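S.K.: Mind looking over this structure? Questions follow.
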Amino acid sequence: MNRRAFVALSAAAALTACTTTPTDAPLGADGKPKTRIYRIGPANANRIQFRVLDSVNALRQASGAAPLKMNAKLNAAAATHARDMSVQNRPWHFGSDGSSPIDRVKRVGYSGRLVGETISETYETELQTLSAWMEEAHTRNVILDPTARDLGFSWHQESNGKIWWTMVMGTPELAATPGTIAAAPAESTDAG
């Protein structure tokens with residue numbers, strides 16, 4: 001990873017650490033702060049999606065890739081899959097009905113081409129999850145794919161705090177570069 005991407009990701013991770021572990025947190029028997037469950041309220045939905053978009057675009061800028069824009073149809077595909085992974089209780093790219101990421105993108109009416117999908121089952125924040133995705137080559141390649149132009153990002157949080165994250169990258173058909181092969185959809189190794 002080049003130096004600018006590392007600095008951008010480090011800054012995002014530091015910001016997350018500051019916002020999720022206050023200094024006045026109660027201490028456990030081991031003297032360390034007790035784990036706090038990261039709860040996502042309805043008022044935070046847009047903030048989270050655009051925090052991820054801004055963070056992904058900072059990483060892409062550092063790598064020389066074009067910025068992405070949020071796409072409502074890809075958000076819908078991501079939300080559907082996040083809920084479905086929770087129902088299935090496993091992080092994988094196939095829906096309970098056998099659908100693939102390509103099927104889900106088509107179902108929501110996205111007319112572009114799927115670039116890739118990243119998924120995670122975790123108790124971590126969105127920025128901690130993005131950081132984990134950037135540590136793995138296959139998910140980093142999807143996030144930084146130079147052909148991507150559109151981003152969909154959503155999640156489903158269970159009552160116990162577990163979060164199922166899904167990020168979908170796409171590109172409008174006209175923006176596709178002839179002869180370019182996108183990275184295969186990949187899942188996070190973070191199985192929380």
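S.K.: Figure the gain on full extension for ARG107 and ARG39 (residue separation times 0.36 nm, minus the Cα-Cα span) and round it to one decimal in nm.
M.R.: 21.5 nm
S.K.: Further question: With the other protein chains left in place, how much accessible area per residue, in square angstrom, belongs to segment 42-171 at a 1.4 angstrom probe?
M.R.: So segment 42-171 comes to 40 Å² accessible per residue, rounded to a whole number.
S.K.: Now for a different question. If you take every DSSP beta bridge fully contained in segment 42-171, what fraction is antiparallel? Give it as a percent rounded to 5.
M.R.: Bridges in segment 42-171 that DSSP calls antiparallel: roughly 90 percent.
S.K.: If you don't mind, another one. Using a simple spin-label model with points 7 Å from Cα along the Cα→Cβ vector, what separation in nm is obtained for LEU53 and SER159?
M.R.: Rounded to a tenth, the inter-label distance reads 3.3 nm.
S.K.: Over segment 42-171, what relative contact order in percent results from Cα pairs under 8 Å that are six or more residues apart?
M.R.: Relative contact order of segment 42-171: 36 percent.
S.K.: From the alpha carbon gyration tensor of segment 42-171, can you work out the equivalent ellipsoid semi-axes (sqrt of 5 times each eigenvalue) and give them in Å, largest to smallest?
M.R.: Value: 21, 17, 13 Å, ordered largest first.
The values are calculated or read from the model by the stated rules, or taken from the named source; none is laboratory data. Owing to the predicted nature of the structure, the values given are computational and were not obtained by experimental measurement. Reconstructed Cβ throughout: ideal geometry from the backbone, glycine too, with neighbour counts over all protein chains shown. Accessible surface areas use protein heavy atoms only, side chains included; no ligands, DNA or RNA. Shrake-Rupley method; radii C 1.70, N 1.55, O 1.52, S 1.80 Å.
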